[in-house]
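This report refers to the structure that appears directly beneath it.
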Amino acid sequence: MKTLILTLAAAGLVLAADDDDAKRLPDGPGKDVVAQSCLSCHASAYFRRLRLDKDAWTEKVGDMVDRGAKVNDAQAAAIVEYLSQAFGTGAKINVNTAPFEELKAILGLTNQETQAVLAERKEKGRFNTVGELKNISGVDSNKIETKKELITF
């Protein structure tokens with residue numbers, strides 16, 4: 001009985017985490033298919049840290065289908081379109097919703113710098129300007145300056 005309760009509690013936490021992960025995805029056509037199909041196997045950080053062109057996303061989604069992802073051709077096409085728009089080459093990073101892996105990879109931050117950004121976001125809430133990011137203690141402001149064109153709020 002105790003094992004059953006712990007298993008159900010863990011499942012509830014995973015579902016809540018998946019729901020939060022899905023809510024933080026950028027809006028756009030195909031978001032629901034990505035949330036339903038992709039987040040059932042892995043966290044969005046897996047793909048959010050990437051910036052791929054449409055051909056590369058097509059290959060990546062095809063690989064997931066080959067590995068057992070349960071999507072039909074129309075759903076796979078919707079996933080590719082969504083990922084190409086939201087996480088394609090040159091796609092912006094929303095620093096208010098990006099997970100650790102995306103912040104680190106796209107902004108070129110160290111683990112410590114990324115932790116500082118997340119701690120600041122948790123403590124003070126939403127960022128509104130690049131200047132706020134540049135003023136975070138422990139973050140190299142030159143890295144933020146270099147990537148400011150990719151940053152959105």
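Taken together, the values in this text are just the output of simple stated rules run on the coordinates, not laboratory data. Because the structure is a prediction, the values reported are computed rather than measured. Methodologically, a virtual Cβ is constructed for each residue, glycine included, from the backbone with ideal geometry; neighbour enumeration extends over all protein chains shown.
Label zone of ALA56 (point 7 Å out along Cα→Cβ, amide N under 17 Å): in region 19-45 this covers 45.
Net charge near ASP27: determine it from the other residues with C-beta under 14 Å of the C-beta of ASP27, scoring Lys and Arg +1 and Asp and Glu -1. Could the numbers behind the result be given before it?
On the way: positive: LYS23, ARG24, LYS31, LYS92; negative: ASP32, GLU81.
Residues close to ASP27 contribute a combined charge of +2.
Computed from the C-beta positions of ASN128 and ASP20 and an R0 of 22 Å, the FRET efficiency is 0.50 to the nearest 0.05. Against the main long axis of the alpha-carbon atoms of the chain, helix 111-124 sits at an angle near 90°.
May I ask for the net charge around VAL65, where only other residues with Cβ less than 14 Å from the Cβ of VAL65 are counted and Lys, Arg are +1 while Asp, Glu are -1? Intermediate values should be presented prior to the final figure.
On the way: positive: LYS60, ARG67, LYS70; negative: GLU59, ASP63, ASP66, ASP73.
That works out to -1.
Working note: Debye formula, equal point scatterers on the alpha-carbon atoms of the chain, no solvent; log10 I(q)/I(0) at q = 0.13, 0.17, 0.19 Å⁻¹ is -0.67, -1.00, -1.14. Proximity of backbone amide H atoms, modeled 1.01 Å from N, is registered between ILE93 and ILE151, THR152 at under 5 Å, excluding neighbours fewer than 5 places apart on the same chain. Distance from the C-alpha centroid of region 97-135 to that of region 136-153: 8 Å, rounded to the whole angstrom.
About the Cα centre of the chain, what is the dipole size in debye to 20, counting +1 per Lys and Arg Cβ and -1 per Asp and Glu Cβ, all else neutral? Write out the running numbers ahead of the final one.
Details: 21 positive and 22 negative charges, 78 e Å.
Its charge dipole is roughly 380 debye.
From the Kirkwood radius over Cα pairs of region 78-142, Stokes-Einstein at 25 °C and 0.890 mPa s returns a whole-number translational diffusion coefficient of 195 µm²/s. Listed from fewest to most Cβ neighbours within 10 Å, the set GLU113, GLU145, GLU132, GLU123 follows the order GLU123, GLU145, GLU132, GLU113.
Dividing the alpha-carbon radius of gyration of region 21-106 by 2.2 N^0.38 Å (N being the number of residues), what value is obtained? Intermediate results must be reported in sequence, preceding the final value.
Details: Rg = 11.8 Å, N = 86, 2.2 N^0.38 = 12.0 Å.
Computed over Cα atoms of region 21-106, the ratio equals 0.99.
At full extension, THR146 and LEU118 could sit 8.1 nm farther apart than now, given 0.36 nm per residue minus the alpha carbon distance.
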